[in-house]
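Inspection log for the structure reproduced underneath, given as structure tokens.
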Amino acid sequence: MRIRRRRLIAAAAAGLIAAAAGIAVALGDDGDAQPAAPSAAELDVRELAGERLVAGFPGPSPPPALRRMIGRGDLAGVVLFAGNLGERGAARRMIRSLQAIRRPPGLREPLLVMVDQEGGEVKRLPGAPNASAAQMGRRGAAFSRRQGRLTGANLRGVGIDVDLAPVLDVGRRGGVIASEQRSFGANAARVSSTAVPLAEGLQAAGVAATAKHFPGLGAATVNTDLGVARIDLPAATIRSVDEAPFRAFAAAGGELVMIGSAIYPALSPRPAAFSRAIATGELRDRIGFAGVSVTDELGAAAAEAFGSPGKVARAAAAAGTDLLMFRSYPAAARAGAALRGALRSGALARAEAVESAQRLLDLRAQVGS
């Protein structure tokens with residue numbers, strides 16, 4: 001059931017999670033008619049490839065080449081970092097200028113404008129959230145939900161419509177996520193019962209929430225921005241512990257899930273975002289997630305170790321990951337060329353590309369509502 005964002009969530013009043021089972025009450029639907037998104041079946045190869053890509057750029061001014069990519073339909077959105085966001089008024093004007101770029105007829109829904117605004121040390125914009133994930137986990141669901149609403153208002157105020165948060169990784173002793181204070185807790189019940197309310201607050205304020213890093217990065221001892229992480233947990237542990245908060249998020253109607261770049265040998269020999277067994281089998285079939293899946297940054301060390309932008313883009317798309325994120329827009333351009341070639345040759349199935357593009361178009365219609 002698609003949720004109508006910008007509304008209070010029905011489950012917030014009813015209580016959230018059957019924590020032991022790792023299941024959340026549905027976020028709900030206020031009954032309003034949903035905005036009609038264009039049909040992805042009508043998109044050409046270039047547009048289908050572009051709808052799978054989001055890219056960043058250096059500095060506060062989007063370069064002409066990025067603007068041309070948006071105008072051709074080569075990107076579904078942009079990801080912003082601290083260097084892109086100066087004074088709030090300037091940030092707001094910059095984002096408005098991107099949204100004003102004329103795009104192909106089937107792609108005129110608002111661009112996705114994404115940012116990492118987790119709290120604690122991971123914040124790209126001043127203001128809410130005013131606590132780290134670890135602090136929110138200790139203070140409970142009501143505090144997390146309020147932080148989500150405040151964060152949503154903060155981001156929406158400058159035109160950002162997707163927060164790459166909350167982190168749903170179950171913190172493990174010795175793991176980098178726990179050491180960085182980015183986990184809501186050391187067990188699945190605590191993470192589910194305090195992180196999902198943050199997502200509820202974000203979505204109630206009109207900002208799409210992104211659960212990360214599926215199927216769970218809490219046991220990683222290597223930051224995937226810096227190197228390749230291998231998580232040697234049994235499949236049963238991954239499914240019963242690490243995936244449980246994502247199951248709660250999916251059941252609650254969360255809109256995006258970020259698939260990590262770590263390797264889970266018990267599930268697949270390939271990095272998670274490049275593995276069909278994980279990106280489709282675990283996330284879609286086992287967890288039941290129906291929203292948009294997005295990679296972690298594909299220029300980071302953990303992904304870059306496995307090949308060129310074109311190679312990793314093809315691998316992620318073939319695995320069933322919807323949206324491919326590159327910090328570098330030239331890398332995204334190379335990835336787009338590779339996706340177009342794979343679609344034309346049949347190496348990537350058009351039907352699956354249409355399914356992914358439709359999920360993106362639906363999301364873009366919602367963030368503009």
Contour minus Cα-Cα distance for ALA337 and ASP232 (0.36 nm per residue): 34.3 nm
Residue order, fewest to most beta carbons within 10 Å, for VAL162, VAL113: VAL113, VAL162
Packing-based exposure ordering (other Cβ within 10 Å, fewest first) of THR321, THR210, THR224: THR224, THR210, THR321
Proxy reagent accessibility, fewest Cβ within 10 Å first, across ARG52, ARG239: ARG239, ARG52
Along the chain, longest interval not containing exposed GluC sites (Glu not before Pro), exposed being DSSP loop plus at most 12 other Cβ atoms within 10 Å: 122-369
Among [x] 22.6, 78; [y] 18.6, 53; [z] 21.2, 74, the entry derived from the coordinates for Rg and Dmax of the Cα atoms in Å: [y]
Label point distance in nm, ASP285-ARG67, each placed 7 Å from Cα along Cα→Cβ: 4.7
Length added when fully stretched, ARG276-LYS311, from 0.36 nm per residue minus Cα-Cα: 11.1 nm
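The numbers here are math on the coordinates, done by the rules we state, and not lab data. Quick caveat: nothing in here was measured; it's all calculated off a predicted structure. Here Cβ is always computed from backbone atoms with ideal geometry, including for glycine, and neighbour counts include all displayed protein chains.
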